[in-house]
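Bear in mind these aren't lab numbers, they're just calculated from the coordinates by the rules spelled out. Quick caveat, the model's predicted, so the values are computed rather than measured. In this analysis, Cβ positions are derived from the backbone assuming ideal geometry, glycine residues included, and neighbour counts consider all displayed protein chains.
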Amino acid sequence: MVQAFGHVNLGVSDLEKMVGFYTKVLGFKDVFRLTDADGNMFGAYIMLPDGNFLEFIQRKNVSENVVPAFNAGHLCFEVDDINKQKEIIDANGIEIIFKGVIQGRDKNWQFFINDPENNKIEFMQMDPESPQRISQAALKNS
């Protein structure tokens, strides 16, 4: 039986640039590196504040480690203050894409950016009355 979400794997062309962005800009923690049998580093695990992980694997070419069936549209990180998160992004000179900070149809506040490898990232501040929060409360109470 599934117990929890394990990690999301992203194949990257510049491992250190991606680790730097997710640790220095977003504040996640670089917790360990992956090495092959010869000691060559090929990956990194980045831990989010809630204990979940992003796994970055260095690609040798663009098509390596890409599973077309996955077809993810974006990563989403929950924040406690959407405006404070926007200030952090603005202070780092990162462009906000799409329409800026908006309230989605699910009542949550959100905005999007691209990471250094053009993966779309959504930042979302959840409204207490959003369907996500209502579903989480129901799970806790079951």
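Before moving on, here are some points about what is shown:
- Summing Cβ point charges (Lys, Arg +1; Asp, Glu -1) relative to the Cα centre of the chain gives a dipole of roughly 240 debye.
- Between Arg105 and Lys140, the simple label model (points 7 Å from Cα in the Cβ direction) yields a spacing of 2.7 nm.
- Helix-only arithmetic for the chain: the sum of -39500 (n - 2.57) across DSSP H runs with n ≥ 4, divided by the residue total, places the mean residue ellipticity at 222 nm at -5000 deg cm²/dmol.
- Region 1-62, relative contact order [Cα under 8 Å, separation at least 6], %: 40 percent
- Helix 131-140 and the longest principal axis of the Cα set of the chain meet at an angle near 80°.
- Only one item in (i) 148; (ii) 134; (iii) 110 matches volume of the Cα convex hull per residue in Å³ derived from the coordinates shown, and that item is (i).
- The chain: angle of helix 82-91 to the longest principal axis, Cα-based, in degrees nearest 10: 40 degrees
- For the peptides 72-83, 20-31, residues were scored by their other Cβ atoms within 10 Å and the scores averaged per peptide; the highest-first order is 20-31, 72-83.
- Note, ³J(HN,Hα) from phi for region 45-52, Karplus 6.51, -1.76, 1.60, rounded to Hz, x at Gly and Pro: 9, 10, 9, 7, x, 8, x, 7
- Taken about its Cα centre, region 1-62 carries a charge dipole of about 140 debye when Lys and Arg each add +1 at the Cβ and Asp and Glu each add -1 at the Cβ.
- Farthest toward the positive end of the dipole of the chain, out of Asn119, Gly6, Ser130, is the Cα of Ser130, where the dipole comes from beta carbon charges about the Cα centre.
- If you run the Gaussian network model on the chain, springs between alpha carbon atoms under 10 Å, then out of Arg105, Arg33, Arg59 the most flexible one is Arg105.
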